[in-house]
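Below is one structure, written out as structure tokens, with a few remarks after it.
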Amino acid sequence: SAVISQKPSRDICQRGTSLTIQCQVDSQVTMMFWYRQQPGQSLTLIATANQGSEATYESGFVIDKFPISRPNLTFSTLTVSNMSPEDSSIYLCSAGEGANQPQHFGDGTRLSIL
Amino acid sequence: GQQVMQIPQYQHVQEGEDFTTYCNSSTTLSNIQWYKQRPGGHPVFLIQLVKSGEVKKQKRLTFQFGEAKKNSSLHITATQTTDVGTYFCAAPPGGAGSYQLTFGKGTKLSVIP
């Protein structure tokens, strides 16, 4: 299974600033995904990142707030823009093996906004 | 979109007792997956069920997929402290051919030594 490296592992940021989270996979994958997980809650899909095309965002998430890059088949970034305290959460990236296949997750980024 | 309802939300058991978490969907699922997230960790894939009535075992863990492919369960026999964590079921929201997953709310298991 794919090994996912995500960084930073945690950060404390000032409101109004932006943070870019990086996700590196040790093999080429078709799809990468970005999730948000509030403490003690389930995973909420932010967007699906497909190489060579615009990311597909889920309801409630927009590109201006969460721009995503997918420059190749092993790498993706998620930027959390103009942060507010409501953006404090854990952000997880994952890689999918294919349709109807399992996903493998990075360790997550614990983000706190002051 | 499709949702998977998972119960219970929390379960506290004495070490050695059994544990079961259930997932239900109002629509037929193409497959269902189970993940475990340890405290402070990330979700880790456990297993995928695809066939109607399928039963799979991993040591003390037994996974079942209902005959109608609308429900699934994870049963742990004789829990150990290493079983602590949150167990999530997940299913493709768009049925067969979906890359995405919709996660249940999870069941947080606490094991009292």
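Provide a single number: the residues in the stretch A:96-114 that are more than 14 Å from A:L78 (Cα to Cα) and either at the interface with chain B (Cβ under 9 Å from one of its Cβ atoms) or open to solvent by less than 30 Å² (accessible area, probe 1.4 Å) (or both). Write out each step before concluding.
Taking the stretch A:96-114 and keeping what is more than 14 Å from A:L78 (Cα to Cα), we get A:96-105, A:107, A:112-114.
Next, only the ones that are either at the interface with chain B (Cβ under 9 Å from one of its Cβ atoms) or open to solvent by less than 30 Å² (accessible area, probe 1.4 Å) (or both) stay: A:96, A:98-105, A:107, A:113.
Here the count works out to 11.
So, of the residues in the stretch B:7-39 that are among the β-branched types (V, I, T) and part of a strand (DSSP E or B), which turns out to be farthest from A:Q103 (Cα to Cα)?
By that ranking, first place goes to B:V13.
Check the stretch A:45-59 and report whether any residue there is within 14 Å of chain B (Cβ to nearest Cβ) and closer than 20 Å to B:T86 by Cα.
Within the stretch A:45-59, the subset within 14 Å of chain B (Cβ to nearest Cβ) is A:45-51, A:53, A:55-59.
After this cut, where a residue has to be closer than 20 Å to B:T86 by Cα as well, the list is A:45.
Yes, because at least one residue in the stretch A:45-59 is within 14 Å of chain B (Cβ to nearest Cβ) and closer than 20 Å to B:T86 by Cα.
Residues that are aliphatic (A, V, I, L, M), out of contact with any Cys (no Cβ under 9 Å at 6 or more places or on another chain) and open to solvent by 30 Å² or more (accessible area, probe 1.4 Å): does the stretch B:5-20 have at least one?
In the first step, residues of the stretch B:5-20 are kept if they are aliphatic (A, V, I, L, M); the result is B:5, B:7, B:13.
Applying the additional criterion that residues be out of contact with any Cys (no Cβ under 9 Å at 6 or more places or on another chain) yields B:13.
Of the ones still in play, those that are also open to solvent by 30 Å² or more (accessible area, probe 1.4 Å) are none.
Checking the stretch B:5-20: not a single residue is aliphatic (A, V, I, L, M), out of contact with any Cys (no Cβ under 9 Å at 6 or more places or on another chain) and open to solvent by 30 Å² or more (accessible area, probe 1.4 Å).
For the stretch A:11-78, which strands (runs of 3 or more DSSP E) that fit wholly inside it have 3 or more residues that are more than 25 Å from B:G106 (Cβ to Cβ) and open to solvent by 20 Å² or more (accessible area, probe 1.4 Å)? Working first, answer last.
Numbers: elements: A:19-25, A:31-37, A:43-50, A:68-72.
Strands (runs of 3 or more DSSP E) meeting the threshold: A:19-25, A:68-72.
Within the stretch B:54-99, count every residue that is assigned to a loop (DSSP other than H, G, I, E, B) and either more than 14 Å from B:C23 (Cα to Cα) or open to solvent by 40 Å² or more (accessible area, probe 1.4 Å) (or both). Steps first, please.
Looking only at the stretch B:54-99, we keep the residues that are assigned to a loop (DSSP other than H, G, I, E, B), and these are B:54, B:59-60, B:66-70, B:77-80, B:84, B:92-99.
Next, from what is left, pick out any that are either more than 14 Å from B:C23 (Cα to Cα) or open to solvent by 40 Å² or more (accessible area, probe 1.4 Å) (or both): B:54, B:59-60, B:67-70, B:77-80, B:84, B:93-99.
Within the stretch B:54-99, residues that are assigned to a loop (DSSP other than H, G, I, E, B) and either more than 14 Å from B:C23 (Cα to Cα) or open to solvent by 40 Å² or more (accessible area, probe 1.4 Å) (or both) number 19.
Please verify whether A:T79 is away from chain B (no Cβ under 14 Å) and more than 25 Å from B:R38 (Cβ to Cβ), treating the condition exactly as stated.
Working: away from chain B (no Cβ under 14 Å): yes; more than 25 Å from B:R38 (Cβ to Cβ): yes.
The answer is yes for A:T79.
Could you say which residue among B:V50, B:V13, B:V44, B:V55 is over 24 Å from A:Q41 (Cα atoms), touching a strand residue (DSSP E or B) at 6+ places or on another chain (Cβ under 7 Å) and of a type outside the set (S, T, Y)?
Step by step, each of B:V50, B:V13, B:V44, B:V55 is checked, and only B:V55 is over 24 Å from A:Q41 (Cα atoms), touching a strand residue (DSSP E or B) at 6+ places or on another chain (Cβ under 7 Å) and of a type outside the set (S, T, Y).
For the stretch B:84-113: of the residues being over 23 Å from A:S94 (Cα atoms) and away from chain A (no Cβ under 13 Å), which is farthest from the chain's Cα centre (by Cα)?
We begin by selecting, within the stretch B:84-113, every residue over 23 Å from A:S94 (Cα atoms); these are B:109-113.
Next cut, away from chain A (no Cβ under 13 Å) only: B:109, B:111-113.
Numbers: B:L109: 12, B:V111: 17, B:I112: 21, B:P113: 23 Å.
Ranking the qualifying residues of the stretch B:84-113, first place goes to B:P113.
For the stretch B:21-53, what are the residues that are among the charged types (D, E, K, R) and open to solvent by 40 Å² or more (accessible area, probe 1.4 Å)? Quick ask: steps written out before the conclusion?
Here is the first cut: in the stretch B:21-53, the residues among the charged types (D, E, K, R) are B:36, B:38, B:51.
Across the stretch B:21-53, the qualifying residues are B:R38, B:K51.
The values are calculated or read from the model by the stated rules, or taken from the named source; none is laboratory data. Keep in mind that what you see is a predicted model, and the values were worked out from it rather than measured. So basically every Cβ, Gly included, is an ideal-geometry build from the backbone, and we count neighbours across all protein chains shown. These accessible areas exclude ligands, DNA and RNA; they are computed on the full protein's heavy atoms, side chains included. Shrake-Rupley method; radii C 1.70, N 1.55, O 1.52, S 1.80 Å.
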